[in-house]
1. Go through the residues of the stretch 196-212 one by one and say whether even a single one is out of contact with any Phe, Trp or Tyr (no Cβ under 9 Å at 6 or more places or on another chain) and within 16 Å of ligand 2 (Cβ to nearest atom).
2. Check off (1) more than 16 Å from ligand 2 (Cβ to nearest atom); (2) at pLDDT 95 or above; (3) not in a loop (DSSP other than H, G, I, E, B) for T43 and give me the number that stays unchecked.
3. Only residues in the stretch 91-104 that are without any contact (Cβ under 8 Å) to a residue 60 or more places away in the chain count as the first member; pair them with residues that are open to solvent by less than 30 Å² (accessible area, probe 1.4 Å) and within 16 Å of ligand 1 (Cβ to nearest atom), Cβ under 8 angstrom, at least 6 apart or cross-chain, and list the lot.
4. Does the stretch 209-229 include one or more residues that are open to solvent by 60 Å² or more (accessible area, probe 1.4 Å), modelled with pLDDT of 95 or more and more than 16 Å from R42 (Cα to Cα)?
5. Does the stretch 86-99 include one or more residues that are within 16 Å of ligand 1 (Cβ to nearest atom) and within 23 Å of E205 (Cβ to Cβ)?
6. Limited to the stretch 47-78, what total is found for residues that are part of a loop (DSSP other than H, G, I, E, B) and either within 24 Å of D241 (Cβ to Cβ) or within 16 Å of ligand 2 (Cβ to nearest atom) (or both)?
7. Is at least one residue of the stretch 30-37 open to solvent by less than 60 Å² (accessible area, probe 1.4 Å) and of a type in the set (S, T, N, Q)?
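The values are calculated or read from the model by the stated rules, or taken from the named source; none is laboratory data. If you're wondering where the values come from, they're calculated on a predicted model, not measured in any experiment. Here the Cβ positions follow ideal geometry from the backbone for every residue, glycine too, while neighbour counts run over all protein chains shown. When the accessible area is computed, the model is the full protein with side chains, heavy atoms only, and any ligands, DNA or RNA have been set aside. Shrake-Rupley method; radii C 1.70, N 1.55, O 1.52, S 1.80 Å.
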Amino acid sequence: MSDGSEPLLRATHLVKEFAVGGGLLGRGRRFTAVDDVSLEVRTGETLALVGESGSGKSTTARLIARLLDVTAGDIEFAGRPVHALTGKALHAYRGEVQVVFQDPYSSLNPKHTVERIVTAPLVYQKRPIPGGARAFTGALMERVGLNPDHSARFPAQFSGGQAQRIGIARALAVSPKLIIADEAVSALDVSVQAQVINLLRRLQEEEGFSYLFIAHDLAVVRQIATRVAVMNGGRIVETGDRDQVFDSPRDEYTRKLLAAVPRIRPEWDAERRRNEQARKDREREEAGR
Ligand SMILES: Nc1ncnc2c1ncn2[C@@H]1O[C@H](COP(=O)(O)OP(=O)(O)O)[C@@H](O)[C@H]1O
Ligand SMILES: [Mg+2]
C-alpha cells in the first residue's frame, strides 16, 4: 500500500489568515493561523500532525477538508487541484475526505439515531445505501466493534469510546481515501484510547486509506504514525519518519516537545507493546464471541 510513489494529498505553501478584532469599521488586524504549511500524505500511510494547542493543526485540517477556504496555497488530491473547487466538484471531494472530531457527543447529532448518523454521508452524497439503511448500518457497526442491534439508539446511550466508534463508522460509510482524525482519541481514557487506535489501524490495514492524524499527545502518535510533521506557531518545523522524529529529532522545538512527555521514554516502549498485544488479543477474542 505505502509504496512511496505519488502522494494522495499534497498541500503546498498553505496560508490561512483570520480577521481578528475587526469591529464595526472592519479595520481589524489579520492573524496568520497557518503560515506557509507544506505537507504530503501518501497512500495507505498515517501522517501525524503534532504540536501544542493553538499551533494551527485544526485549521490546517479544515483547509485540507475544504471546510475552510485557503488564503493562499495549493492542495492537490489524487493528482488534481482541489483548493479552488466549488459546487458539485467540491461536494464530490467532501465524499473522498472524511473527518473524525475530538468530541463525539458534539459532532454527532444527539437527536439522530445511529442509523441516520452513519448513513448521512451517503445521503448527502446522493448515493444509494447498499443493502438498505438497516443492514448497511449494522454491518458498519460490526466493523467498528459495536452491537449492530443498537442502530436505533441515540449517541447519548453510548459511552465515549463507543460514540467515537460511531463517528468512525460514519466516516467509513463513503469509503473515503483520506480520513482526518482531529484529536479523535484525545478525550478518551488511556485504555479506551488504545482500543480505538487499534481499531483505526486495523481499518486502515483492511481498506488501505490514509490518515492525517492530529494529536498533541506524542505517546498516542508513536502508536499510529508512519511519518510525523511537527507544527509550531502556524509553521511546520520538522517532518520525518516516525522513528527519526522521535529518536533523533532535528529541530529544537521538537526536542522540547519530546522532553515534555516522559511517557514516551524508550524504557516504556516494551511495556506498551506488551499491553497493546494483550489488548489486541482480548479484542480479537471479544470479536470472535
Ligand atoms: N475562526 C477563527 N478565527 C480566528 N482565529 C482562529 C479561528 N480558528 C482558529 N483560530 C486561531 O488560530 C490558531 C490556531 O488554531 P487551531 O488551528 O485550532 O490550533 P490547534 O488545532 O493546533 O490547537 C489559534 O490561535 C486560534 O485561536
Ligand atoms: Mg485543534
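1. Within the stretch 196-212, one or more residues are out of contact with any Phe, Trp or Tyr (no Cβ under 9 Å at 6 or more places or on another chain) and within 16 Å of ligand 2 (Cβ to nearest atom).
2. That leaves (3) as the condition not met.
3. Final answer for the pair search is Y93/R66; R94/A65; R94/R66.
4. no
5. Checked the stretch 86-99: at least one residue is within 16 Å of ligand 1 (Cβ to nearest atom) and within 23 Å of E205 (Cβ to Cβ).
6. Residues that pass the stated criteria total 10.
7. Within the stretch 30-37 (the criterion being open to solvent by less than 60 Å² (accessible area, probe 1.4 Å) and of a type in the set (S, T, N, Q)), the answer is yes, since at least one residue qualifies.
Condition check ((1) more than 16 Å from ligand 1 (Cβ to nearest atom); (2) open to solvent by less than 30 Å² (accessible area, probe 1.4 Å); (3) closer than 27 Å to F154 by Cβ; (4) touching a Ser or Thr at 6+ places or on another chain (Cβ under 9 Å)) across all residues:
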| residue | (1), (2), (3), (4) |
| --- | --- |
| G51 | no, yes, no, no |
| V114 | yes, yes, yes, yes |
| V118 | yes, yes, yes, yes |
| P130 | yes, no, yes, no |
| G138 | yes, yes, yes, yes |
